[in-house]
Every structure is written in C-alpha cells, then in structure tokens.
Amino acid sequence: MAFNKISFVIATVDRDRQLQECVSSIEKAHEYRKDVPVEILVVIQKARDKKKLALRHPNLTSLYYIDTLGLSHARNFAINKSTGDYFVFLDDEALVNHDFLDVLSRTT
C-alpha cells in the first residue's frame, strides 16, 4: 500500500540539544515504519552559526537558515519548500513516539 508523504516541520532558534532530540525521534519513527515516506524540514531562525546535527538519515532532512524571526513565517517558509502531502508541525523540544507514523498512517 502506498502512503502519502509526511512533512515534519520544525522551527527553531538556537536550541541545539532539543533540536537534535526532536529530529532523532522522527528518524526513529521512520525506522519503525520505513514504508511511510517522510521529509524533515528544519527552519533555523537568526542562527549564530551553522548547526551540526547527527543525522541517521541525512537524505530525509533539509536545513534552512532564515534571518526573520517568527513561528508563522518559519512554518510558511517550510510549507513552500515542502514536497509532502501532509504536515506535522513540531516545536523543537517536542518528541514523537516510535509508533507515531504507524498511528498516523492508520488515520490518513
């Protein structure tokens, strides 16, 4: 069965540890359900330096740096860059459960 692509959108401002944990939780959920296509769009606002994330699946994640602050602006920016069919907006300190995509795929 083919599933629609899920775009995870994370807007952040210099919260490296939380961002790393958030992205890692999405990657783990994808490992649990590899048949559900995902992309992770991280919009980093007003960054003091380039981020170094330890990515298990770097081909899933896109990092964007913008100079404008604001959650709505960052999310709209990511929507315009996205190739997904559905959006999941996460705060950078949020984590998803390993079975998140499994539950989501049963409801779409």
Condition met for LEU104 (among the aliphatic types (A, V, I, L, M), loosely packed, with under 15 Cβ neighbours inside 10 Å and modelled with pLDDT of 85 or more):
no
Within region 87-96, track down each residue that is open to solvent by less than 100 Å² (accessible area, probe 1.4 Å) and of a type outside the set (Gly, Ala, Ser).
PHE87, VAL88, PHE89, LEU90, ASP91, ASP92, GLU93, VAL96
Residues that are open to solvent by 80 Å² or more (accessible area, probe 1.4 Å), outside any loop (DSSP other than H, G, I, E, B), more than 23 Å from VAL36 (Cα to Cα) and out of contact with any helix residue (DSSP H, G or I) (no Cβ under 8 Å at 6 or more places or on another chain): does region 74-86 have at least one?
yes
Taking region 86-108 as the search range and keeping residues that are in contact (Cβ under 8 Å) with a residue 24 or more places away in the chain and of a type in the set (Val, Ile, Thr), which one is farthest from GLU21 (Cα to Cα)?
THR108
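The values are calculated or read from the model by the stated rules, or taken from the named source; none is laboratory data. For clarity, every value in this text was computed on a predicted model and none was experimentally measured. Please note: Cβ atoms are built from the backbone with ideal geometry, for glycine as well, and neighbour counts cover all protein chains shown. In case anyone asks, the SASA skips ligands and DNA or RNA and just uses the protein heavy atoms, side chains included. Shrake-Rupley method; radii C 1.70, N 1.55, O 1.52, S 1.80 Å.
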